[in-house]
Amino acid sequence: MAILSFDELHAAARAGARRTVVVVGAQQSAVLQAAGQAQKLELAEVILIGDEPTIRGLARAEGIDLSAMEIIHEADLNAAARRAMRLVAEGRAHVAMKGKVDSATFLHVALDKELGLRGDRLLSHVALFEVKALGRMLLVSDAGVVIAPTLEQKAEIIRNAVYVAHKLGIELPKVAVLASNEMVNPKMPANIEAAALAKMAERGQINGAIVDGPLALDNAISSAAAQTKSIAGPVAGQADILIVPDIEAGNLMAKAIIYFGGYMMAGVVVGAQVPLILPSRSDPPEAKLNSLALGVVMTL
């Protein structure tokens, strides 16, 4: 059964084998609240790494119970990231989550060849939204890692997003490769690459999903818009996954869904040996908790 809501995502995390999430730079209020909720709801065990006096002070101020969590004192954020990734490499933790540490440091340490967490796949970010108006979860990629993906990288981004969709129980996700319109226009590289990706999937170079493009956003998620424009096919109006042309488009789309639509997001970076959670500093505790739950479900 496909996961259709964040409540169901939490239930899946709770029902699976207990996983451990390690938080890097846990001296941040929102991520500490998310960690406390995860422990309380039994979504995961949590290890906090960071400046222990600050962590304990924030916990007291927020009323967060730390008694069930392991705390490792490490004030230096680079060293904290390294200790966290070593715990993951040793199998003591299954998911690494960013707290008060910048993404560049977090990823740089995670991809250190010495630790062995870097796989052969491209790293990409997959955002997950519970869009009640659609009646299904919606995945968007890549809005956070690959700046200007090549055609080959876009194929990898699709494969990573499909991998996440499968973990969410979507057996044959419908993938829309987005562009400004549905026409194959040689003057518009995004449209040409979208058409190439659809043909790659047709020829078996991308498996486990139905891929179509180019599709404009309205044609991808609205059956009425697709019918009005006479756009047929199994993806039109029914997309589970939206693949954006570049990071700017993805970032703008994700933030528009959050701030204009009022929807909550979860996000995970896939492609490494373990899920990596890189929430935005502005994400509220609920979004960080959703991301943590998504990371856990990715390990099940």
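Can you tell me which residue is least open to solvent (accessible area, probe 1.4 Å) among those in the range 172-193 that are touching a residue at least 40 places away in the same chain (Cβ under 8 Å) and small (Gly, Ala, Ser)?
Here the residue is Ala176.
Looking at (1) more than 26 Å from Met137 (Cβ to Cβ); (2) open to solvent by 50 Å² or more (accessible area, probe 1.4 Å); (3) in contact (Cβ under 8 Å) with a residue 60 or more places away in the chain, which is the only condition Glu90 fails?
(3)
Could you grab me the full set of residues in the range 216-262 that are β-branched (Val, Ile, Thr), more than 19 Å from Pro189 (Cβ to Cβ) and in contact with a Ser or Thr (Cβ under 8 Å, 6 or more places away or on another chain)?
Ile241, the sole residue that qualifies.
Counting just the residues of the range 46-87 that are among the small types (Gly, Ala, Ser) and part of a helix (DSSP H, G or I), which one comes out most open to solvent (accessible area, probe 1.4 Å)?
Here the answer is Ala61.
Among the strands (runs of 3 or more DSSP E) confined wholly to the range 114-180, which include 2 or more residues that are over 16 Å from the mean Cα position of the chain (by Cα)?
Those strands (runs of 3 or more DSSP E) span 174-178.
The values are calculated or read from the model by the stated rules, or taken from the named source; none is laboratory data. Please read these numbers as outputs of a predicted model, since none were measured by experiment. Cβ coordinates were reconstructed from backbone atoms using ideal geometry, including for glycine residues, and neighbour counts include every protein chain displayed. Surface accessibility is based on the protein's heavy atoms, side chains included, excluding ligands, DNA and RNA. Shrake-Rupley method; radii C 1.70, N 1.55, O 1.52, S 1.80 Å.
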